[in-house]
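For reference, the structure is listed below as structure tokens.
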Amino acid sequence: MIEVNLPTLFVVALVAAGGAYFGAYLREKGKNLATKEDIDRIVRKTEEIKAEVSADAWLKQKRWDRKWECYVEMVRNLGEIHTLIREQIMLNPHSPDYAQQLEDKKRGVTDAFLKFRQFGSIARLAVAPSVRTVLTRLGDEWNKSIYVAEQVDIVARWGWLVITDIARNDLFGEPREMSDEYVGDVEVPAP
């Protein structure tokens, strides 16, 4: 039979207790390490998703800003053209400075139209497809009426109102109030 003495028993108990303690310790450390790795992986994935969402939001905001800029400039310049032509039509031809005033108004119309045309060209990259159609239609009508101030005024006013309507819809989701069809003087029916 095996003889068990107290010191041997004590050493065996100590080794067993140490083994149990270190086994539990290492098992807990392993769990913690696995949990830490899981957390690190989740944090990395979360950061990737946040970066992706942030980039998408940034791109979406940049597109919106570009559309806003194009719409604002087109509407601003068409409104200016309409106003200047109205003022031109209302000039008193018997006024001593009529020729200068007329020339100033025509120059203003030309400048505003050039700015409108430039932003209209840029807008074709960013704005709603219906605006591209309206821009083409507006250019066609403008070219047909270029020698008659009243008709150019009607075309400018129509473009101003329709592009404003499309912009409110495209930028803010407001319902459309006007048709894209050019119908002459603006009492444009609802779509």
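Coordinate-derived values only; no laboratory data. Since this is a predicted model, take the numbers as computed values, not measurements. All Cβ positions, even for glycine, are placed from backbone atoms using ideal geometry, and neighbour counts span all protein chains on display.
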- [ ] Could you please report the charge total around E73, scoring K, R as +1 and D, E as -1 over all other residues with beta-carbon less than 14 angstrom from its beta-carbon?
- [x] +2
Task: Sites Q61 and R124, calculated FRET efficiency, Cβ-Cβ separation with R0 25 Å, nearest 0.05 - done: 0.75
Task: Structure-based [θ]222 nm, the chain - -39500 (n - 2.57) summed over DSSP H runs of at least 4, per residue, nearest 500 - done: -29500 deg cm²/dmol
Open item on the list: Test of understanding: in a Gaussian network model of the chain with alpha carbons linked when under 10 Å, which of V134, V15, V109 would top the mean-square fluctuation ranking?
Closed with: V15
Task: Charged-residue dipole, Cβ positions (Lys, Arg, Asp, Glu), the chain about Cα centre, Debye nearest 20 - done: 760 debye
Task: Calculated FRET efficiency for the pair E177/I146, C-beta based, R₀ 35 Å, to 0.05 - done: 0.80
TODO: Report the local net charge at L135: Lys and Arg +1, Asp and Glu -1, summed over other residues whose C-beta lies under 12 Å from its C-beta.
DONE: +1
Task: Simple label model, 7 Å out from Cα along Cβ direction - N92 to V15, nm - done: 12.2 nm
Task: GluC sites (Glu not before Pro) within the stretch 1-68, DSSP loop, no more than 13 other Cβ atoms inside 10 Å - done: E3
Open item on the list: Over the stretch 65-172, how many pairs of lysines fall under 18 Å by alpha carbon, counting only those 8 or more apart in sequence or from different chains?
Closed with: 4
TODO: Identify the residues of the stretch 121-159 with backbone N under 18 Å of a label point that sits 7 angstrom from the Cα of L114 along the Cα-to-Cβ direction, or state none.
DONE: 121-122
Task: Principal-axis tilt of helix 149-172 within the chain, Cα atoms, nearest 10 degrees - done: 10 degrees
Open item on the list: Just to check I understand the Karplus step: with θ = phi - 60° and J = 6.51 cos²θ - 1.76 cosθ + 1.60, what whole-Hz values come out for the stretch 88-101, glycine and proline as x?
Closed with: 4, 5, 7, 4, 7, x, 8, 5, x, 9, 4, 4, 5, 4
- [ ] Order these peptides, 123-130, 157-164, by their mean beta-carbon neighbour count within 10 angstrom, highest first.
- [x] 157-164, 123-130
TODO: Read through the labelled values (i) 8, 25, 27, 17, 11, 7, 3, 1, 0, 0; (ii) 9, 34, 33, 15, 7, 3, 1, 0; (iii) 8, 23, 18, 10, 7, 6, 6, 5, 5, 5, 4, 2, 1, 0 and report the label of the one computed as P(r) over Cα pairs in 10 Å bins from 0, in percent from the structure.
DONE: (iii)
